[in-house]
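Values quoted throughout were computed directly from the atomic coordinates according to the rules given, and no laboratory measurement underlies them. Quick caveat: nothing in here was measured; it's all calculated off a predicted structure. Glycine also receives a Cβ, built like all others from the backbone with ideal geometry; neighbour counts cover every protein chain displayed.
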Amino acid sequence: MKNKKRNWMKQLLCIFLMVILIFPENTNIIQAASKFPLSSKNIQLSKENTVFTGKKQKPKVIVKYKNRVLKQGKDYALKYKGDFSKVGKHELTIVGTGAYRGTIHKFYTINPKSVEIQSITPSKKNAELSVSWKKSAIPNTYYQLSYSSNSKMKNAKILTVKNRTKVSISKLKFNTVYYTKVRTYIITNGKKYYSIWSHIKSRRTRKKVIIAPPSVPTNTPAPTVTPVPTNTPAPTATPIPTNTPAPTATPIPTNTPAPTATPIPTNTPTPTATPVPTNTPTPTATPTPKPVFKFIEGSESMSVNAGRFFTIQTSIPAKEMTISNTDAIQLYKKYSSDFYSFYASEPGNVTITFKDRYDQTIQANVQVTQKMEEKGKGDVTITSTGTDSTLPLPEIERISYGSYGIAVYFSNSFEITDPYEGCEVQISKEKDFATKYHIKEDHTNNYLADDDRYRYGYTYITFNEKKGTTYYIRTRTYKIQNNKKITGPWTAIQQVDISSGQKLSRKPKYSYELYYLDKNVSDLYTGYNRIVYIKTDNPDPDTISISSDNGSPYSGASNWRDFNDDITFLLKSDESSRLQKVEGGYVTGWEFSKSGTSKLEIRESSLDGYTVAGTATVHVQDSNTAKSNWMKDIISKVTTEEMTPFEKMDAICQYLRMKFNYLLNDGKQILDLAAAPNEPYWTTYHWDSMLSPAALCDFAKLIGGFDDIHNCYYDAENWSYMHPNARLTIGNETRYFSACPLTETGYVAKVNKIDFSHTENFAKITLS
């Protein structure tokens, strides 16, 4: 019986094995008895790094076993831990189910959202830049601002602030372009999580203003002569005493002899008057010493790199100044007789001698060295030179001039990828460059800007240009190898004609029309830019200028060009260019420093002078007066005498919140539209959380009655929600006031570019 059973089992096993052999695909019948292990390398997340949105973010999970994609809920389950909407590192767990086993942990990171720089404003007094950016939506955000004078952000410095969207960068160099970018970071569980850097924005610091002292210093005052003492007054004579009165005679007693009468005293002799002293002899006046003739700026021994400017200031004005080697150093500008600026053009040893009106002399021994910048190594001293005819010629886009000298504009070829490191520029009044009037600049750190619209380079050749003169310019590229400067061939010589500045009676060659791009805002205010369109068929912007009897109407171009999102610019040029090419003409920014009526002339220039192409009259209002009148009008509308100062501020805030919108924005950055500007705020009714508390503080000053008026934007605790407030105090009572709009009403879904062919959409400026 046992044998039969054993034989039966053997037969069953054989049949089962035959099935497996015949149908190998059914081996999973056996494998189902043991679960398949999950492997981390076969699990993928749709994203391991993402950006904060404020919403929960759960990446998609793809789980594979061999080549089979497993199904969630059947083959595995997902378990989440924590708040998947916050910045930080997040964990999710994949647990095998059904035929699969194992627990796998996967991680991904939510990083802060980046912010963009909104504005860069140079200080009007110092070499400082004020940089602002859009606020992050995440509380307790840190911001890092990186800045450098190098376009590639070499040797950049970083400033870190918390819950602030504006930083002032100090201790910068005057008249220097600085490049900036910003990023955010959040600290979660002791670890920092960074956003990506913003786009790089650039801005030039203000020029250094040199206030010349009086041409002749006040002599060192001579010591005051010791005053001659007045005569010692004679003492008053001792008064002569009156006679002592004789005593009344005692009655003579009978038979008593009469006493002798008391004698009358003689007068006390008058004392002799104290003799009057003779005058103290007047000391001989000390001769006025010669003031010390010395260097205030500069020194007896100096070292200057070729291609650089330097200044020397003496303690008193110099009567004479001489340069021993004008090939190496030229006088750039004499600001006053005690302040000079020089340009070091070529290597050499130079003695600069100064003589004052006392015939005292001082000397500055200047060594001009040839130093250049080698990529990645900093400054190197050039020991030799050579040539390489294969180096490319620089591509010069255009050349312009102004009171500063001549500017050379390079095109897109001047890039880091080019096989050269800089350009050498030469200028002369003679075509053969044989004269001593010869400036050579070696440029390794040319200005490069890179954003969505522009990529260009330029360099200045600064000198005292003469009106009505023709200059010649040539350029070449160079590179540095093993402390050796290798130069390429010179470009063709280009001619620059400087207008004589004389008014001519002839008619202009081209036609001109002027328009404001913001049709609905007609007023000009001091200190605020107004964008103007010049419609013309003149192809050369350097021959067009606008003169004003109210100072120059031009503003620094970067105040308006970089931040007008509705203008399409057609010409690549430097930030200080006055006119920017657009369809049908040019645009520029007007900014006036003085109020009143101003007469403008459109001038068309040539070498022999200029022709007036048209005149216009504009009216400029004083900003402070206009703002004050606007505030006073609101106060009279919404307040009464019976109100307390706090009640008046409540009424003003309620009025402003209904009237104002936030600055125009597209959700990413503040927009500056030439056709719909943000400022001045009392005409556009656009402001933000920085302008609003400042205006409320001004209202409070006009109302009066407050013991303390404080703008919370700059130093408020819990800055994220307290910064839009003005803090006002009367006695022991303090209240906070805000006039920001209740919603983001300044949002612009789409920026419509200005169509310059339709001038009917602009406000025309009448020309005569």
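Taking loop as defined by DSSP and a crowding limit of 14 other beta carbons within 10 Å, which trypsin sites (Lys or Arg not before Pro) in the stretch 641-685 fit?
668
How many nm is it between the label spots at residue 389 and residue 606, if each spot is 7 Å from the Cα in line with the beta carbon?
The modelled label-to-label distance comes out at 4.1 nm.
Given labels modelled 7 Å from the Cα in the Cβ direction, how far is it in nm from residue 116 to residue 40?
4.0
What list of ³J(HN,Hα) couplings, whole Hz, do you get for the stretch 669-676 from phi and the Karplus terms 6.51, -1.76, 1.60, once you set θ to phi - 60° and write x for glycine and proline?
Calculated HN-Hα couplings, in order: 7, 5, 9, 10, 10, 5, 7, 8 Hz.
Using Cα centres only, tell me the gap between the stretch 497-540 and the stretch 673-749 in whole Å.
The two parts, judged by their Cα centres, are 37 Å apart.
Counting only residues 5 or more places away or on other chains, whose amide H sits under 5 Å from the amide H of residue 664 once H atoms are built in the peptide plane?
For residue 664, whose amide H was placed from the backbone, the distant partners under 5 Å are 671.
If each of residue 470 and residue 159 carries a label point 7 Å out from its Cα toward its Cβ, how far apart are those two points in nm?
5.0
Could you give the size of the charge dipole of the stretch 624-737 about its Cα centre, using +1 on the Cβ of each K and R and -1 on the Cβ of each D and E, expressed in debye and rounded to the nearest 20?
My answer is approximately 280 debye.
Could you line up 197, 719, 133 from fewest to most neighbouring Cβ atoms inside 10 Å?
Starting with the residue having the fewest Cβ neighbours, the order is 197, 719, 133.
Quick check on the exposure proxy: order 304, 366 from fewest to most C-beta atoms within 10 angstrom.
Going from least to most buried by this count: 304, 366.
Take the Cβ-Cβ distance between residue 57 and residue 103 as r, set R0 to 25 Å, and report the resulting FRET efficiency rounded to the nearest 0.05.
Computed FRET efficiency for residue 57 and residue 103: 0.65.
Under the definition of Cα pairs under 8 Å and six or more residues apart, what whole-number percent is the relative contact order of the stretch 68-183?
20
What is the gain in length, in nm to one decimal, between residue 510 and residue 123 on full extension, counting 0.36 nm per residue of separation less the C-alpha to C-alpha distance?
Here the answer is 135.5 nm.
If you plug each phi of the stretch 67-73 into the Karplus form 6.51 cos²θ - 1.76 cosθ + 1.60 with θ = phi - 60°, what whole-Hz ³J(HN,Hα) values come out, in order, with x for Gly and Pro?
Rounded to whole hertz, the list is 9, 9, 7, 7, 9, 5, x.
So, with +1 on the Cβ of K and R and -1 on the Cβ of D and E, and no other charges, what is the size of the charge dipole of the stretch 295-369 about its Cα centre, to the nearest 20 debye?
160
For the stretch 73-120, which trypsin sites (Lys or Arg not before Pro) are both in a DSSP coil and crowded by at most 11 other Cβ atoms within 10 Å?
74
Step through the residues of the stretch 583-588 one at a time and calculate ³J(HN,Hα) from phi using the Karplus curve (6.51 cos²θ - 1.76 cosθ + 1.60, θ = phi - 60°), rounding each to whole Hz and writing x for Gly and Pro.
In residue order, the calculated couplings are 4, x, x, 9, 10, 8 Hz.
Name the long-range amide H neighbours of residue 337: under 5 Å, sequence gap of 5 or more, or other chain; modelled H, no Pro or chain starts.
Distant-sequence amide H within range of residue 337: zero hits.
Just flag the chymotrypsin sites (Phe, Trp or Tyr not before Pro) in the stretch 312-387 sitting in loop per DSSP whose Cβ has no more than 16 other Cβ atoms within 10 Å.
Here the chymotrypsin sites (Phe, Trp or Tyr not before Pro) that fit, given the DSSP loop and packing criteria, are 358.
Taking neighbour Cβ counts within 10 Å as the exposure measure, how do 717, 424, 641 sort from fewest upward?
So the residues, fewest neighbours to most, are 641, 717, 424.
Give me the extension gain from residue 593 to residue 715: residue separation times 0.36 nm, minus the current Cα-Cα distance, reported in nm with one decimal.
40.8 nm
Check residue 36: other-chain or 5+ apart residues with amide H under 5 Å from its amide H, H built from backbone geometry?
Sorted by chain and number, the residues that satisfy this are 100, 101.
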